[in-house]
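Have a look at the structure below before the remarks.
The values are calculated or read from the model by the stated rules, or taken from the named source; none is laboratory data. Quick caveat: nothing in here was measured; it's all calculated off a predicted structure. Here the Cβ is made from the backbone with ideal geometry for all residues, glycine too, and neighbour counts use every protein chain on show. Side chains included, ligands, DNA and RNA excluded: accessible areas come from the protein's heavy atoms. Shrake-Rupley method; radii C 1.70, N 1.55, O 1.52, S 1.80 Å.
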Amino acid sequence: MSHVAMIAAARRWLPVALALALAACSGKDETPAPAAQGAAAPAAAAPAAPAVAAKVQSMGTEQLRESASQALRENRMYAPAGDNAIEYYLALRDKTPDDASVKSALTDLLPYTLIAAEQHLGREDFTEAQRLVALIEKVDASAPALPRLKEGLTKGVQVAAKRTEDETEKVKKDAEDRTKQLAEQQRLTEQRAKEAEAAKQIAAQQDLARRDSERQEAERQAAARRDAEQKQQQAAAQQANAARQAATAAAPSLRPVSTPAPRYPAEALRSGTSGEVLVEITVGTDGSVTNARVLRATPSRVFDREALNAVKRWRFEPVTAPVTTRRTLAFAPGG
């Protein structure tokens with residue numbers, strides 16, 4: 001098919017394709033694509049590339065015609081960059097400025113490029129929108145839609161940049177707030193740790209003071225018990241002494257007739273043990289010992305039996321009334 005025939009065929013189906021593209025633009029393409037938002041502003045800020053790719057400009061006339069026809073057949077009217085019909089026709093126009101068919105083809109392709117530019121602006125794909133606007137401007141610098149597209153592109157880039165700036169500021173503020181929260185949590189944790197340590201030390205000091213107080217109280221009570229026991233012992237000794245004195249004063253004097261010494265226990269003698277036994281005896285009117293008991297023995301239960309056996313054999317001169325008295329019997333080896 002010749003180039004002229006291709007242009008004629010393109011004119012027949014371009015209106016249908018244009019209607020479909022317009023319907024798509026008014027429908028699902030009105031919603032910006034989320035994936036394009038993040039990278040839109042930085043890409044649009046980059047220096048604009050030439051409207052027609054350098055490799056396209058370097059192609060010969062026939063190659064450009066064949067490539068343009070192939071692009072039209074495959075519906076590559078304005079994309080991808082560097083391999084689309086409008087770029088091939090723009091390069092052809094530069095090489096053959098008097099070719100009316102090329103100018104006509106560009107006129108027919110312009111609406112599609114306009115629609116595509118609108119769609120990419122709506123998606124906030126500013127890099128592609130900028131490329132398409134450059135193509136439109138190269139096709140017809142006086143196109144009525146061109147000022148609106150350029151203004152939309154500028155505002156879109158600004159809005160996207162502002163949104164990116166706001167999001168960056170929000171992320172920064174959130175990070176600062178998080179840092180402050182972490183610092184406050186760290187401060188509270190350290191404060192609680194210090195308070196816990198202080199409470200632990202106070203509890204330890206209180207426990208130490210309590211134990212010291214209990215120890216002092218126990219020592220005081222033990223000292224009080226010792227004092228009471230000493231006083232009791234002293235009182236008992238005083239009472240016993242007074243009783244002995246009273247008994248001695250009241251009782252008639254005893255005159256011993258026979259007081260045989262006690263027998264020294266063999267076991268104590270062998271071991272060289274010495275001691276003494278305090279006994280209380282009652283002497284009847286006939287002078288015999290009617291009762292005897294051990295009051296104190298040192299050591300205990302070593303000389304008790306022999307001491308009692310000895311005093312029970314004692315004899316005194318008769319008295320007018322029974323007399324109770326105390327005697328101490330000493331035991332000493334070799335004594």
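For the reader, a short list of remarks on this structure follows.
- Condition check for residue 309: closer than 22 Å to residue 264 by Cβ and surrounded by fewer than 14 Cβ atoms within 10 Å (Cβ to Cβ): yes
- Qualifying position, being open to solvent by less than 50 Å² (accessible area, probe 1.4 Å) and touching an Asp or Glu at 6+ places or on another chain (Cβ under 7 Å), among 132, 114, 121, 146: 146
- Taken together, the criteria exclude residue 155 from residues that are within 43 Å of the chain's Cα centre (by Cα) and either at negative phi or assigned to a helix (DSSP H, G or I) (or both).
- Members of segment 262-290 found to be closer than 16 Å to residue 310 by Cβ, open to solvent by 20 Å² or more (accessible area, probe 1.4 Å) and part of a helix (DSSP H, G or I), listed by number: 266, 269
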